[in-house]
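Asker: Quick one: the structure is below, questions incoming.
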Amino acid sequence: MQLPSALSFLVDEATGMPDGDAFLTALAARLIADGLPLAGGTLTQAAPHPVIGRRTWLWRADTGQVIEALGLAGPAESQDANLAGNWLASLGTNTVQEDFANGAILGWAAHRPLTGEESDLLRQAARFAAAPLALLAARSTLTALLTTYLGRRSATQVLAGRLRREPGETIRAALLFADLRGFTELSETTGAKDVIAALDAWFDRIAGAVHAFGGEVLKFIGDGVLAIFPIGERDAAGACGAALRAVAAARAGMDHLNRDRAARGGPPLSFGTALHLGDMLWGNIGTADRLDFTAIGPAVNLVSRLEGLCRPLGHTVLLSGAFAAETAQPLIPLGEHRLRGIAVPCAVFTPAQ
């Protein structure tokens, strides 16, 4: 049976499309080849994500470009729920058709009124698109779940099929370890819901700052955070500078949070941070059938031990000598200190206030 180009694509090739952008662009090209006078097209899918509720791709025929629009999850998701339809109408063609494709929605704007056969082809395309779009949604779900629970770096490794114990990769980076102060006391004197809310608020501030300056959170460890600013696209000085800016942003965020907590009668939250520069091993470690991507090595040990000096030394931010050597920011030397489990004493600095 001779199928139109668009339907043949959906049967034979569409399952190999990597994302909604590529899928919509390729399908639009096939529909135009079949003679449809398209001015634009949209694809909308639900997004299994803690923040994003909906993903919509918007394609324009005159430029061939695709723009992705994200709809927030929760109450905000109902706002502008018909983004795709409104955008198609804004093209001013007065001919818009939207069809359901097993949970997804395909929409099209045409330069002229469609014939019955053309309109039917778009409906058939939505029917044929159901299976490849379901596969695309499943891939997106898996990626979102792994990234949410493992982080971007680990999720990429798992999706690439790394499911066995192996040495992993050596990463040279600026390392950041931050720990919430007084969490044990808070847990003993505050209700569970309030404790979780405080912990979430703390993680929002520190992780948000890390991501804003190009870093990556590798682990949440109790009430602590291990993050890295890899050296590669930027040099060591650039990575260390980004880490310091992230710490400053996190402190500003926590100051704002504490003002809100004080207004509600809650105790302030404080944290200590250590920064180091070195190599770490990021690998698949565990039992034969229960694995975890984790960071190990002397650099990880040092940065976590260094953070433990924040309270004894009376400072909230400490830098190792290796980190200090790569920053031009004014620093105050605090001498050399022995760290538990570290053979060589560590030169310690703190930023000048």
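The values are calculated or read from the model by the stated rules, or taken from the named source; none is laboratory data. These numbers come from a predicted model, not from an experiment. Don't worry about glycine lacking a Cβ; one is built from the backbone with ideal geometry, like all the others, and counts go over all protein chains shown. With ligands, DNA and RNA removed, areas are computed over all heavy atoms of the protein, side chains included. Shrake-Rupley method; radii C 1.70, N 1.55, O 1.52, S 1.80 Å.
Asker: For region 103-144, how many residues are assigned to a helix (DSSP H, G or I), farther than 30 Å from Gly283 by Cβ and open to solvent by 10 Å² or more (accessible area, probe 1.4 Å)?
Answerer: Of the residues in region 103-144, 16 are assigned to a helix (DSSP H, G or I), farther than 30 Å from Gly283 by Cβ and open to solvent by 10 Å² or more (accessible area, probe 1.4 Å).
Asker: Still on this structure: Right, Leu275: open to solvent by 30 Å² or more (accessible area, probe 1.4 Å), within 23 Å of the chain's Cα centre (by Cα) and closer than 19 Å to Phe220 by Cβ or not?
Answerer: no
Asker: Test each condition in (1) part of a helix (DSSP H, G or I); (2) polar (S, T, N, Q); (3) in contact (Cβ under 8 Å) with a residue 40 or more places away in the chain for Thr170 and report the one that comes out false.
Answerer: (1)
Asker: Could you check how many residues of region 145-167 are touching a strand residue (DSSP E or B) at 6+ places or on another chain (Cβ under 8 Å) and outside any loop (DSSP other than H, G, I, E, B)?
Answerer: Of the residues in region 145-167, 8 are touching a strand residue (DSSP E or B) at 6+ places or on another chain (Cβ under 8 Å) and outside any loop (DSSP other than H, G, I, E, B).
Asker: In addition: If you take just the strands (runs of 3 or more DSSP E) that sit entirely in region 206-309, which of them hold at least 2 residues that are of a type in the set (Lys, Arg) and at negative phi?
Answerer: Here the list is empty.
Asker: Name the single residue, out of those in region 320-353 being in contact with a Gly (Cβ under 9 Å, 6 or more places away or on another chain), assigned to a strand (DSSP E or B) and small (Gly, Ala, Ser), that is surrounded by the most Cβ atoms within 10 Å (Cβ to Cβ).
Answerer: Top of the filtered list is Ser320.
Asker: Quick one: is Gln65 of a type outside the set (Gly, Ala, Ser) and without any contact (Cβ under 8 Å) to a residue 12 or more places away in the chain?
Answerer: Against the criterion (of a type outside the set (Gly, Ala, Ser) and without any contact (Cβ under 8 Å) to a residue 12 or more places away in the chain), Gln65 qualifies.
Asker: Can you tell me which residues in region 188-205 are open to solvent by less than 50 Å² (accessible area, probe 1.4 Å), assigned to a helix (DSSP H, G or I) and free of Cβ contacts under 8 Å to residues at least 60 places away in the same chain?
Answerer: Selection gives Val195, Leu199, Phe203.
Asker: Okay, moving on. Could you please let me know if Ala262 is crowded, with 21+ Cβ neighbours inside 10 Å, closer than 30 Å to Asp194 by Cα and of a type outside the set (S, T, N, Q)?
Answerer: no
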